[in-house]
Amino acid sequence: MRDRPGDGSEQRGAHLAAEDSRDEQARSFEEGGLLVADGFAPHDADRWFESLLDTELDPISRESFEPSIVPVQMVLDCLGDPQKNYAAIHVAGTNGKGSVVAVASAILDAAGCSTGSFTSPDLGSVRERIKVYLNEIAKDEFDAELSAVATLVDEFSLPKPSKFEALVATALSIFSNNGVEVAVVEVGMGGELDATNVLDARVVVCTNIGTDHMAQLGGSREGIAKSKSGIVHGQSKVILGDVDESYVEFFTKRTDEKVIRLGSEIKIESDLLAVGGRQISFSTPRSRFEDIFAPLSGSFQSKNIALATAAAEEYLERGIPSDLLQSVLLDLKIPGRMEIVGHNPLCILDVAHNFEAASELGKSLRDGFGYETGWVVLYAATHKRDPRKFLEALGPSSIDRLISVDLGLKIQVDPYDVATAASSLGILSTVAGDPGSALIAAREKLVEGQLVLSTGSHYLVGGIRRLLLGFD
């Protein structure tokens, strides 16, 4: 187990106690994992999982939670350190992480690598977060591995993990069980003390440095940058997106390997609107790609594609053929990212949840779709984010109506406060009691030429997506 900042003596003592308990227990081990004779049944594991701290959906847990890699590392120690059985690409940043993970995973899969991926949060099912060979993990396999994690925590009296930490441990073990060669893993929050930082990544990507989670990550943008740089280890190759010059040193001083930067070693040469997506040309240190068609909406995706391509190439230590990248992008779908889920009217889902992402979203709707006005926006805000700041970045003059959606979540900004913020910007606003009611309200007064946009929260986008597409 690697020593990391924040590893307290109390936690190390618990780890030693777990080691002693392991020796005393009449349990069977085999190389690479634990044979559980009397473990949690899957339904018991479900109840155990629901009993854990929910740092994503419970504001009290979120405020009191002290991030550390120790709970996950202790579980993985008992499992035989499965995360050491494969390489990793670790992706941090304020926005764009999920897209980078999706593109990099697809490139590596097409290049012949057995690939796993982990993202967060999800749009409705925690199993969406864990993919092997680009496919969501099967329920039986997920339940079995979660049961093994629950059994270890119970039997060895390990520190009880949060839900997110339990998912990380489960995912990293599943990757090993499936013999993946490389896992592409999204950071949950920050970096250095995030549960995913049990990985010693061969390649690290930081997409950008925004202001999300400032209170938890040092109280400043500089503190956020330092936290994100904490996933870099001595032999990590580093790929940086929109990272201010003043923060680059945080990353460079942590690695003996090269640092590749967007705008320097990675260049976006052109990014043009095309029918059904974007046509982009860009170069990396290993390749040049000309007139690649990406069926993804949003000008921001050109940067994500370039960063993901560079990450895959640095892992492979060779260039990617243009035809391989083109084939990957033609098959790629990223749910909830400028996703079109209906026509007449045009219905778009986007998980933008901070003002930086809102600004890019607004620009894409105006420039890419030609909708200067006429937006009917279904919106919810979470985690004390400022709805007025989000709507100002999105573009109030483009919004005809805003429907503030009550998701019934404790982490949600009061829907009536959202409506008040919208009204203060001159936006006609109402409150809907749930996503279904919001869709009905949106459709009631639609006129020709309007679009319906659902945004602001993964939980809202996931709920609307299930209603429109009929997913469980």
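Filter the range 88-98 for residues that are in contact with a helix residue (DSSP H, G or I) (Cβ under 7 Å, 6 or more places away or on another chain) and among the aliphatic types (A, V, I, L, M); which is nearest to GLY179 (Cα to Cα)?
For the range 88-98, the residue satisfying everything is ILE89.
Mind checking whether some residue in the range 372-387 is within 29 Å of ASP58 (Cα to Cα) and acidic (Asp, Glu)?
Scanning the range 372-387 turns up at least one residue that is within 29 Å of ASP58 (Cα to Cα) and acidic (Asp, Glu).
Here's a check for you: in the range 187-211, which residue that is more than 20 Å from PHE118 (Cα to Cα) and surrounded by fewer than 24 Cβ atoms within 10 Å (Cβ to Cβ) is modelled with the lowest pLDDT?
THR211
Could you say which residue among LEU365, LEU391, LEU346, LEU332 is farther than 28 Å from ALA106 by Cβ and not hydroxyl-bearing (Ser, Thr, Tyr)? Give the derivation first.
Details: LEU365 fails: farther than 28 Å from ALA106 by Cβ; LEU346 fails: farther than 28 Å from ALA106 by Cβ; LEU332 fails: farther than 28 Å from ALA106 by Cβ.
The match here is LEU391.
Do we have GLY462 as within 16 Å of VAL351 (Cα to Cα) and at pLDDT 95 or above here?
When the stated conditions are applied, GLY462 passes them.
Kindly indicate whether LEU240 is assigned by TED's automatic domain parsing to the domain that holds GLY98, modelled with pLDDT under 95 and part of a strand (DSSP E or B).
So LEU240 fails the test.
Among (1) over 18 Å from ALA225 (Cβ atoms); (2) among the hydrophobic types (A, V, I, L, M, F, W, C); (3) outside any helix (DSSP H, G or I); (4) under 16 Å from the mean Cα position of the chain (by Cα), there is one condition VAL205 misses while meeting the rest; what is its number?
All conditions are met except number (1).
Just to be sure, is PRO387 touching a Phe, Trp or Tyr at 6+ places or on another chain (Cβ under 8 Å) and of a type outside the set (S, T, N, Q)? Lay out the reasoning, then the answer.
Values: touching a Phe, Trp or Tyr at 6+ places or on another chain (Cβ under 8 Å): yes; of a type outside the set (S, T, N, Q): yes.
Against the criterion (touching a Phe, Trp or Tyr at 6+ places or on another chain (Cβ under 8 Å) and of a type outside the set (S, T, N, Q)), PRO387 qualifies.
Hey, among the residues in the range 351-374 that are out of contact with any Asp or Glu (no Cβ under 6 Å at 6 or more places or on another chain) and hydrophobic (A, V, I, L, M, F, W, C), which one's surrounded by the fewest Cβ atoms within 10 Å (Cβ to Cβ)?
PHE369
If ASP417 satisfies all but one of (1) within 23 Å of the chain's Cα centre (by Cα); (2) over 26 Å from SER297 (Cβ atoms), what's the number of the condition it fails?
(1)
Being β-branched (Val, Ile, Thr), in a helix (DSSP H, G or I) and assigned by TED's automatic domain parsing to the domain that holds SER227 is the requirement here; does THR309 meet it?
yes
For the range 383-413, what are the residues that are among the hydroxyl-bearing types (Ser, Thr, Tyr) and either at pLDDT below 95 or closer than 23 Å to LEU296 by Cβ (or both)? Before the answer, list the steps.
In the first step, residues of the range 383-413 are kept if they are among the hydroxyl-bearing types (Ser, Thr, Tyr); the result is 397-398, 404.
Within the range 383-413, just SER398 meets the criteria.
Return the pairs, sorted by first residue and then second, in which the second residue is among the small types (Gly, Ala, Ser) and surrounded by 11 or more Cβ atoms within 10 Å (Cβ to Cβ), the first residue lies in the range 435-449 and is farther than 18 Å from LEU469 by Cβ and without any contact (Cβ under 8 Å) to a residue 40 or more places away in the chain, the beta carbons are less than 6 Å apart, and the residues are 6+ apart or on different chains.
ALA441/ALA432
Would you please name the residue that is nearest to GLN326 (Cα to Cα), looking only at residues in the range 120-146 that are assigned to a helix (DSSP H, G or I) and of a type in the set (A, V, I, L, M)?
VAL126
Could you grab the pairs with beta carbons closer than 8 Å, sequence gap of 6+ or different chains, first residue in the range 120-145 and on the phi > 0 side of the Ramachandran plot, second one in a helix (DSSP H, G or I) and not hydrophobic (A, V, I, L, M, F, W, C)?
Correct list of pairs: GLY124/GLY462; GLY124/GLY463; GLY124/ARG465; GLY124/ARG466; TYR133/ASP109; LEU134/SER105; LEU134/ASP109.
Please go through the range 65-96 and give me each residue that is closer than 19 Å to ASP200 by Cβ, out of contact with any Gly (no Cβ under 6 Å at 6 or more places or on another chain) and not aliphatic (A, V, I, L, M), ordered by number.
If the condition is that a residue be closer than 19 Å to ASP200 by Cβ, out of contact with any Gly (no Cβ under 6 Å at 6 or more places or on another chain) and not aliphatic (A, V, I, L, M), then PRO67, PRO71, GLN73, ASP77, CYS78, ASP81, PRO82, GLN83, LYS84, ASN85, TYR86, HIS90 are the ones that fit.
The values are calculated or read from the model by the stated rules, or taken from the named source; none is laboratory data. What you are looking at is a predicted structure, and each value in this text was computed from that prediction instead of being measured. Cβ atoms come from the backbone with ideal geometry, glycine included; neighbour counts cover every protein chain shown.
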